[in-house]
1. Would you be able to tell me the number of residues in the stretch 140-178 that are within 16 Å of the ligand (Cβ to nearest atom) and buried (at least 16 other Cβ atoms within 10 Å of the Cβ)?
2. Across the stretch 124-139, which residue is surrounded by the fewest Cβ atoms within 10 Å (Cβ to Cβ) among those that are of a type outside the set (D, E, K, R) and within 9 Å of the ligand (Cβ to nearest atom)?
3. If a residue must be in contact (Cβ under 8 Å) with a residue 24 or more places away in the chain, within 10 Å of the ligand (Cβ to nearest atom), in a loop (DSSP other than H, G, I, E, B) and at negative phi, how many such residues does the stretch 86-123 contain?
Amino acid sequence: MPVLHKYKNKNEYYILTMIGKAVATFHLKSEGYRKLANAGIKMGATFPRALLLDLYRSGDAYTHKGPAGDAGTKPQKLQLKLDFPDDPEPESLFPCCSACSSVANLHVVEIKQPEHSAAILCSACRAKKVIDSSIPLSLVSLQILSGLLKMKGIQQVDSSILAYQKLLDAEFENKWADLFKNKPQQKKMFDPEPSKT
Ligand SMILES: [Zn+2]
């Protein structure tokens, strides 16, 4: 499950979560933090993956290339929390590069060769392909995606594209509402570490 953290030296927040076997960092825009705070999510608390997916697709949370700079969390401690198995949304819902599974700096791209197709690729993998259109994932809505496929006459889409369509189509609104309803209970179940700041 994702965990909310605060940067040590600035008034900004980030989220850590396990995707595959790697820890992924999602930086939060202030709007994203506001949404989590309103839902009762405190620093150091775990929260349902659906919420992060919702923040991610709305652009309120975004991935960054490198590791989280001053994110001073100990890996082992982190692992324990992030491996929390009780989450209805599979981590496979997170978009990732169809070539290397990276989650950083993803674009929807139109690949020209060997076959005209669409896929989601990270920057390193984009550099190795002959591509035409390339749109940052956070800007790609369902409408834009179908418009791109139609306009460019792309018949073949990668499984990464199909997965992203599924994510954009998913209904997460009620997950926020559920959290509101279960606030006191949620606090008890996932007792956050005492915050040090
Ligand atoms: Zn890649």
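1. Here the count works out to 5.
2. Restricting to residues being of a type outside the set (D, E, K, R) and within 9 Å of the ligand (Cβ to nearest atom), the top hit is A124.
3. Number of matching residues: 9.
Results for (1) at pLDDT 90 or above; (2) assigned to a helix (DSSP H, G or I); (3) in contact with a Gly (Cβ under 7 Å, 6 or more places away or on another chain); (4) among the small types (G, A, S), shown as yes or no for each residue.
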residue	(1), (2), (3), (4)
L36	yes, yes, no, no
K42	yes, no, no, no
A50	yes, yes, no, yes
Y56	yes, yes, no, no
G66	no, no, no, yes
G69	no, no, no, yes
T73	no, no, no, no
Q79	no, yes, no, no
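The values are calculated or read from the model by the stated rules, or taken from the named source; none is laboratory data. Since the structure is predicted, the reported quantities are computational estimates derived from the model, not experimental observations. Cβ sites come from the backbone with ideal geometry, for glycine too, and all protein chains shown count toward neighbours.
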